[in-house]
1. Note down the net charge around B:ASP186, summing +1 for each Lys or Arg and -1 for each Asp or Glu among other residues with Cβ under 13 Å from its Cβ.
2. If you plug each phi of segment B:117-124 into the Karplus form 6.51 cos²θ - 1.76 cosθ + 1.60 with θ = phi - 60°, what whole-Hz ³J(HN,Hα) values come out, in order, with x for Gly and Pro?
3. For A:GLY60, place a label point 7 Å out from Cα along the Cα→Cβ vector, do the same in each other copy, and report the separations in nm, one decimal, smallest first.
4. Helix B:161-181 versus the longest principal axis of chain B: what angle, 0 to 90°, nearest 10, using Cα atoms?
5. Among the residues of segment B:171-203, which ones have their accessible area go down by 20 Å² or more when all the protein chains sit together, as opposed to their chain alone (1.4 Å probe)?
6. Near A:LYS203, which lysines are there with a Cα under 21 Å away, not counting those fewer than 8 places off in the same chain?
7. Let me understand segment B:47-90 better: what is its radius of gyration from the alpha carbons, and its Dmax, in angstrom?
8. Determine the distance separating the Cα centre of segment A:123-188 from the Cα centre of segment B:130-203; give it in Å without decimals.
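The values are calculated or read from the model by the stated rules, or taken from the named source; none is laboratory data. Given the structure is predicted, the values throughout are model-derived calculations rather than measurements. Virtual Cβ from ideal backbone geometry, glycine too; neighbours counted across all protein chains shown. Only protein heavy atoms, including side chains, enter the accessible area calculation; ligands, DNA and RNA are left aside. Shrake-Rupley method; radii C 1.70, N 1.55, O 1.52, S 1.80 Å.
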Number of protein chains: 2
Amino acid sequence: MRSEILPTGQRSFIEEARRAQIIAAAIEVIAAGGFAKASLAAIAKHAGISKGVISYHFAGKDELMEEVVNQIYDTIAERVLTSMKGQETATELLRTQVLSVAGHMRGHRTQLQALGEIFHNLRDAAGKPRYGVQSSEELYTSLERLYELGQRTGEFRSFDIRVMAVTHSAAIDAMFEYWVVHPEHDLDAHAIELADLLESAVK
Amino acid sequence: MRSEILPTGQRSFIEEARRAQIIAAAIEVIAAGGFAKASLAAIAKHAGISKGVISYHFAGKDELMEEVVNQIYDTIAERVLTSMKGQETATELLRTQVLSVAGHMRGHRTQLQALGEIFHNLRDAAGKPRYGVQSSEELYTSLERLYELGQRTGEFRSFDIRVMAVTHSAAIDAMFEYWVVHPEHDLDAHAIELADLLESAVK
DNA sequence: CTAAAATTTGGCCATGCGGTCAGAAATTCT
DNA sequence: AGAATTTCTGACCGCATGGCCAAATTTTAG
């Protein structure tokens with residue numbers, strides 16, 4: 001038994017490596033068979049370890065799932081925000097956001113599939129979604145700032161920025177899900193088309 | 001034991017009523033607690049009957065779920081298609097589709113919540129989604145016809161109708177999910193705003 | 001080298017699941 | 001009425017799940 005709970009920063013390298021290995025296995029199992037089939041036994045088997053190891057390194061299945069979400073979410077947020085740093089106008093920001101997310105998708109299909117599965121399926125003890133629309137609030141306000149900037153500078157017409165943010169976010173998710181089901185679909189072309197579409201919608 | 005399997009049209013009124021009662025109970029249980037908590041036991045308890053009755057009237061849980069989907073889907077399709085009958089131009093059709101779906105949502109929140117749960121969660125024996133993006137093909141082609149009409153008449157600009165259809169569909173779904181999580185949100189206003197947004201996107 | 005601590009194993013547990021069934025109850029038929 | 005059929009009940013089955021733990025093993029510390 002680990003003698004005490006340590007803050008994240010004080011975990012040993014070995015422990016951190018094991019946790020990362022388990023998280024990676026969880027992502028692959030979830031993406032391959034869906035959330036419902038991603039049992040601790042299945043994840044452990046895929047990682048080549050005993051089931052108890054997961055219980056040893058994570059407080060429970062819920063903590064494991066939240067760590068999976070955190071890791072994936074941090075990765076994409078960092079990439080997209082970085083790529084948007086250089087842009088000035090709201091139009092540039094809008095197009096860059098869409099294209100940069102799409103660019104991330106191609107290299108992280110499995111991770112984003114797992115993320116979607118957990119978002120749609122993970123529930124708290126009361127049966128309410130752990131993630132879901134309400135946990136997208138941060139993303140919505142971020143997109144709202146983008147559209148509000150465009151309205152302030154006169155680039156964009158007048159419209160409801162909340163509806164626009166919700167729609168924008170849904171359009172991105174749909175692009176990904178469509179591409180997952182139809183791998184031959186041209187993701188880049190879809191992204192460019194979507195950027196055109198959103199730009200046209202607000203001008 | 002029922003002596004034989006009869007075609008749908010030859011089921012007795014009593015049996016049809018029981019099936020409808022069970023389907024209604026299933027919808028309420030799924031909407032209230034999510035797909036994962038909607039066990040046969042929970043559905044039976046909510047309907048005030050024994051669990052075995054469900055097995056007696058349905059071949060299994062999967063058949064029950066498909067009947068739930070069929071009933072809900074038929075209801076909404078009929079309403080929306082009917083409301084679009086009177087319209088002529090692609091712009092009118094577009095706006096009517098969005099507003100009529102939103103109108104349906106307010107009176108059928110529970111049913112559509114259950115529909116979404118089943119769509120996102122029901123899997124076949126191999127673990128692949130029973131419904132999902134690929135089962136939206138019919139809806140996509142229907143929306144594509146609408147947009148293609150607008151392009152042919154010159155109402156709409158040139159764009160990829162498949163990307164537009166996928167985005168349109170996702171925007172509708174997102175509007176519903178956002179409203180479910182934020183019941184105080186003005187659904188009608190959102191629908192009008194979305195219709196403006198889509199119209200602006202294609203003109 | 002030895003003792004202590006950390007890590008892993010493999011089996012066990014209670015719980016809940018979908019599905020089944022014999023017999024009871026209700027309904028329909030003659 | 002009584003017999004035949006349909007419907008319902010409540011208990012039961014095999015199975016999978018997440019979590020747990022004593023003992024075995026490996027790593028670290030003195």
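1. Summing Lys and Arg as +1 and Asp and Glu as -1 gives -2.
2. With the stated coefficients, segment B:117-124 comes to 4, 5, 4, 7, 10, 5, 10, 7 Hz.
3. In nanometres, ordered from closest: 3.1.
4. Relative to chain B, helix B:161-181 is tipped by roughly 60 degrees.
5. Flagged in segment B:171-203: B:ALA171, B:ALA174, B:GLU177, B:TYR178, B:VAL181, B:HIS182, B:HIS190, B:GLU193, B:LEU197, B:SER200, B:ALA201.
6. Cross-link targets: B:LYS203.
7. When restricted to the Cα atoms of segment B:47-90, Rg and Dmax are 16.9, 53 Å.
8. 14 Å
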